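Working notes, beginning with the structure itself.
Nothing in this text is a laboratory measurement; each read-out follows from the coordinates by a stated rule. This is a predicted model, so every value here is computed, not measured. Here the Cβ positions follow ideal geometry from the backbone for every residue, glycine too, while neighbour counts run over all protein chains shown.
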Amino acid sequence: MMTKVKTQGLVTDLMPCIRLLQAAGHFLFNYHADTSGMNMLLRKIYSSAHAVLIVVHYICMGINMAQYKDEVNELTANTITVLFFAHSIIKLAFFAFNSKSFYRTLAVWNQSNSHPLFTESDARYHQISLSKMRRLLYFICGMTVFSVISWVTLTFFGESVRMIASKETNETLTEPAPRLPLKAWYPFKTMSGGGYVFAFIYQIYFLLFSMALANLLDVIFCSWLIFACEQLQHLKAIMKPLMELSAALDTYRPNTAELFRVSSTDKTEKVPDAVDMDIRGIYSTQQDFGMTLRGAGGKLQNFNAENNPNGLTAKQEMLARSAIKYWVERHKHVVRLVASIGDTYGTALLFHMLVSTITLTLLAYQATKINGINVYAFSTIGYLVYTLGQVFHFCIFGNRLIEESSSVMEAAYSCQWYDGSEEAKTFVQIVCQQCQKAMTISGAKFFNVSLDLFASVLGAVVTYFMVLIQLK
Amino acid sequence: MDIPKFEELLKQIKMNFWLMGIPFDNPKIQIRYYVLLLPLSLMLIEEIAFFGSRMSSENFLELTQLAPCICIGVLSVLKILALTAKRQKIYELTQNLECLHKIILNDTRKTELVRKNLVLIKFITKYFFVLNAVLIFVYNFSSPVIIAYNYIVSNEVQFVLPYAVLLPFKTDSWIPWLIVYVYSIFCGFTCVLYYATVDVLYCVMTSLVCNNFSLISFKLQKVNRNTAHLLKEVVKEQQYVLKLAEDLENIFTAPNLFNVLIGSVEICALGFNLMIGDLTQIPGCILFLSSVLLQILIMSVFGENLISESSRIAEAAFLCKWYEMDQKSKKTILTIMIRSHKPKKLTAYKFSVISYGSFSKIISTSWSYFTILRTMYTPPGTKFQDDL
């Protein structure tokens, strides 16, 4: 039906997720093979239809909330539901307005440098990140479907009533309400018959698609973070062989003979045919090459056979230097990726945290009214677990990024840099100095995404719960 | 006092590990392990069942009396489970530390540096076990004493059990009471054995790693222009000890997390009991509370030691005569300093760092929860509580 679209970099890795996003109705119109006007129009209509349906139902829920705003219990419950689905609306709108920066972040990794010595390690960590991204996607999809199923199942338990406080007698009366997953206002009768079936199906659609909209966008964000972390792992892994390579590159005569490692010379000789290749083959893009051939920037010392301490040819030295260059350029690329991720998704995280904080406060209040194992308890705890789970989802990946990026310094230190050349030592120093500061994702500069954030959110919920239970 | 040999320090721990069924030289778990663990777990389930059966808003005071026992039981089981999962790492770490210790003992200068520390560890090892053993003896054998006292005073036999459990049968006569009593004290001893061993192991290992860091600092400080080639040795040693500290963190991160979480709950419940409970409870509460606080304090002290010792290497690097050395050595010193500015921390599963700061945070968090509990607690029968 559709010809395979040619993709590269992150888009190839994230294609299943992107297709799911398009299916769920996000305004994602790139990455199709067939970009003819008719098909694009159809896709735009598809997304708009989803958006309209979801917004209309959201407004219906809002009208219901306004109708029953005098009942405290009803108001709290409806507010929580409305806030819960606010995530989906916000994320839908956010993506629609910010799709350019999403495309830009997805394109950051389209061109990456490579080095013949490190391609195997690169491929290995790329594969690891791919499998982790897939597993995350399956897990989140499974959890979304599970949540929808358990929500619908819970609808059939307990009484489907509304609690109304009678003004005259000041006691709580029950008013029958339709047995639907969500409380919403409809212009037609929904107590039974055709209206009921239609509303039920509409609500199932709404539940599934709105949860999918919100969760899939979080999955894209976390997948980006997984990719960045695995790239950092790759950099840490190649530090050791890089040092061993540089140990042979001793461009100054050493002071004492002990610093001269014979074994490292042997290792250099084992470098596969690369030294006989045309030097141009080492780099994938011409601009990477600017330093040595044209002599701009780098100071390649020209050694005759007698002056060169290790007996390396100029080509071998260039290989060792190119390895360092590869490392630094790759690290800069990762920093660019992380910065792009932060710019793209930071504001969405800020909105998410704002809405979640209010939701959790209200949920803490609702939790104080739990008086036994019943439908009310299950639904409150379900809301709590889901909301906290969403926050935990991106906090844990943000935290992993911080851990990985700050452990690069330790990896740099733990290799045998003391045997390396002066250049290698300077390289280790600069890397250590720079990597002391961890790479973080911030929510529009208000907070850093880490497990500390999650712990503070959890602590705040417990505190509100304890204060509110006292005020009861 | 004499410098203790490595075997002396670890003798009691190794014997305890053997007793628990996870001996040092055998990677397989013995039957003894399950024989000790399963009754304790069963006892915990019974205690929790009892707790659940008494749960209602009027019994709040009683619930906070039951909570500490359950908490300590749960804590010791979790700690030993976490440690059993990492026992291979523990054995390797002990062997590595033993090798390093031997090197220390061979050099009198080094021995002098760490003398005080080692003597302290030996002291802590001995008296921690003794103290806990005494406590559990007193607590366990208080029940027959209370029964005897009641008999003498009121001439009737009340069957008192040391721990409140929910049992499917009554313990109103001698035989069932005796069975449950023996079972209870057996579980009590197991519980104390578990958590005391884990704590002492933590103290000993952290101290030994700290010692190695301080020796590296000492060696680094003494480097001068003529001995600049020793810098490479120093770096290698530092890398090795950093790796050992990483293993240490790996082993103890889960037990530390459980300790922090459950310790806060215990302090809260005990403080509440102390304030609101009746006078007969006070000595027991004070004893329990001080032991919990001491345990968390010791954990934080050793964590803080590790942080300070590993960051002292940076100071030592500055204190050596680097200004007289050649360019290469200065670069090496700079790299060492950059690395050592980031100290080696022990964490509670990355959620929080174990240090003095975290200790005060635990105390203040428990205090705030305790204040909230106190304000919201209304003694039953004094105020009409609305139905929800």
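Data for the structure
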| quantity | calculated |
| --- | --- |
| Burial ordering of B:VAL241, A:VAL55, fewest other beta-carbon atoms within 10 Å first | A:VAL55, B:VAL241 |
| 3J(HN,Hα) from dihedral phi, the stretch A:428-433, Karplus parametrisation 6.51/-1.76/1.60, rounded to Hz, x for glycine, proline | 4, 4, 5, 4, 4, 4 |
| Label-to-label distance, nm, for residues given as B:MET55 and A:ILE373 (7 Å Cα→Cβ offset) | 1.0 |
| Residue of B:THR332, B:THR253, B:THR125 that the Gaussian network model of chain B assigns the largest fluctuation, springs spanning Cα pairs under 10 Å | B:THR332 |
| Reachable lysines, given that their alpha-carbon falls under 17 Å from the alpha-carbon of A:LYS315 and they are not under 8 places away in the same chain | A:LYS267, A:LYS270, A:LYS299, A:LYS325 |
| Linear extension gain, B:HIS341 paired with B:MET15, 0.36 nm per residue minus alpha-carbon span | 113.5 nm |
| Reachable aspartates and glutamates, given that their alpha-carbon falls under 15 Å from the alpha-carbon of A:LYS44 and they are not under 8 places away in the same chain | A:ASP34 |
| Descending semi-axes in whole angstrom, ellipsoid equivalent of the protein assembly as shown, from the Cα gyration tensor | 53, 47, 20 |
| Residues whose placed amide H lies under 5 Å from that of A:ILE164, excluding near-sequence neighbours | A:LEU173, A:THR174, A:GLU175 |
| Distant-in-sequence amide H partners of B:THR347 (H built 1.01 Å from N, under 5 Å) | B:ILE354 |
| Spacing of the two label points (7 Å from each Cα toward its C-beta) at B:ILE179 and A:SER101, in nm | 7.0 |
| Environment charge at B:ALA348 (Cβ cut-off 12 Å; Lys +1, Arg +1, Asp -1, Glu -1) | +2 |
| Rough spin-label spacing in nm, given labels placed 7 Å along Cα→Cβ, for A:GLN111 and B:TRP367 | 6.0 |
| Axial C-alpha extent at least 18 Å, average Kyte-Doolittle at least 1.0 - helices from chain B (DSSP) | B:31-53, B:60-85, B:174-221, B:282-319 |
| Cα gyration tensor category, rounded, prolate or oblate, for chain B with a/c compared to 1.5 | prolate |
| Lysine pair count for the stretch B:1-148 [Cα-Cα under 15 Å; pairs on different chains or 8 or more apart] | 14 |
| Cut-off 12 Å between beta-carbons: net charge of the residues surrounding A:ILE63, Lys and Arg +1, Asp and Glu -1 | +2 |
| Over the protein assembly as shown: helical MRE at 222 nm, DSSP H runs n ≥ 4 each giving -39500 (n - 2.57), nearest 500 | -25500 deg cm²/dmol |
